[in-house]
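Written below as structure tokens is the structure these notes are about.
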Amino acid sequence: MITGQDWLSAFPIRPATEAVDALRESWRVLAEQPRAHFHPGMKEPNLTKALKAYVENVTARERGLLGMWAAEGVLHNIDLETAKLTQERRTDIVYGWNDDARRIELVFEFKKVGRQKSHRTHYLREKGLGRFVTGIYSRRQAVAAMVGILIDAEDEVVPPLRDALADASLIAELKIRPTAAGSSFERPSVLFSTADFDTEHERDPDLAPSHGTIRVAHFFLAFGYPTSTKKPAKS
């Protein structure tokens with residue numbers, strides 16, 4: 001059984017990094033200019049479906065990635081006595097592969113984020129990051145990824161989002177394990193050089209890997225042209 005911080009050295013970071021890099025490159029290509037079916041005004045599921053199709057059909061093939069890509073995969077919980085489905089969630093994008101001992105699934109959860117507090121709430125709480133903590137995403141997985149789709153300038157979005165992680169009620173809700181320095185996030189990321197920061201979370205035993213926590217890397221992707229949620233000033 002892997003315990004403590006031993007899991008980090010045992011985690012197969014190379015294929016995970018290859019998946020992250022392929023996804024980021026696919027985003028760069030699709031988002032470099034406004035496209036009729038890929039632009040900031042589109043809903044998250046439509047953006048992630050297009051992104052998954054591109055990374056699977058183009059970038060992953062070019063790079064020789066052998067894992068399986070999936071989008072909008074359905075997860076359920078079931079009552080074992082009645083067989084009633086008690087919870088249903090759809091993951092945005094998943095990259096899965098096998099190593100010598102296990103099946104690994106790296107789940108990417110995407111959220112459009114702007115400068116508003118409501119956007120930070122959407123990203124951080126039960127419909128965003130919380131799905132990797134008390135929800136059923138990434139069951140028994142050690143690593144996951146939150147991906148913020150920036151619809152305002154990065155410096156208007158990301159620093160306030162990091163600051164929000166200092167809120168005591170949010171720390172409790174997300175079961176955040178503090179760093180050795182007492183912070184609620186690790187920056188830079190210890191997982192991926194392209195992530196802005198990591199957070200680590202306690203999970204219930206039926207959801208957690210053997211060492212008891214999940215580490216979530218936080219990425220932020222911008223469109224290749226200016227975007228803003230600010231309304232133009234009236235003339």
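The values are calculated or read from the model by the stated rules, or taken from the named source; none is laboratory data. Just so you know, these numbers come straight off a predicted model, no measurement behind them. Cβ atoms come from the backbone with ideal geometry, glycine included; neighbour counts cover every protein chain shown.
Things to note:
- You will find that of Leu150, Leu161, Leu124, Leu174, the residue that is of a type outside the set (Asp, Glu), buried (at least 18 other Cβ atoms within 10 Å of the Cβ) and more than 30 Å from Tyr225 (Cα to Cα) is Leu174 and no other.
- Screening the candidates Pro232, Pro178, Pro205 for the property of being modelled with pLDDT under 95 and farther than 26 Å from Pro40 by Cβ yields one hit, Pro205.
- When segment 24-55 is filtered for residues that are within 25 Å of Lys127 (Cα to Cα) and part of a strand (DSSP E or B), only Phe38 remains.
- Criterion: among the charged types (D, E, K, R) and without any contact (Cβ under 8 Å) to a residue 40 or more places away in the chain - qualifying residue of Arg215, Arg120, Arg177, Arg125: Arg177
- Being closer than 18 Å to Leu191 by Cβ and either modelled with pLDDT of 85 or more or acidic (Asp, Glu) (or both) is a property that Gly96 has.
- Positions within segment 29-55 being farther than 18 Å from Met146 by Cα and β-branched (Val, Ile, Thr), in sequence order: Val29
- Each residue in segment 120-142 was checked for being assigned to a helix (DSSP H, G or I) and either hydroxyl-bearing (Ser, Thr, Tyr) or farther than 17 Å from Pro45 by Cβ (or both), and 7 of them qualify.
- Against the numbered list (1) surrounded by fewer than 16 Cβ atoms within 10 Å (Cβ to Cβ); (2) touching a helix residue (DSSP H, G or I) at 6+ places or on another chain (Cβ under 7 Å); (3) polar (S, T, N, Q), Ser138 comes up short only at (1).
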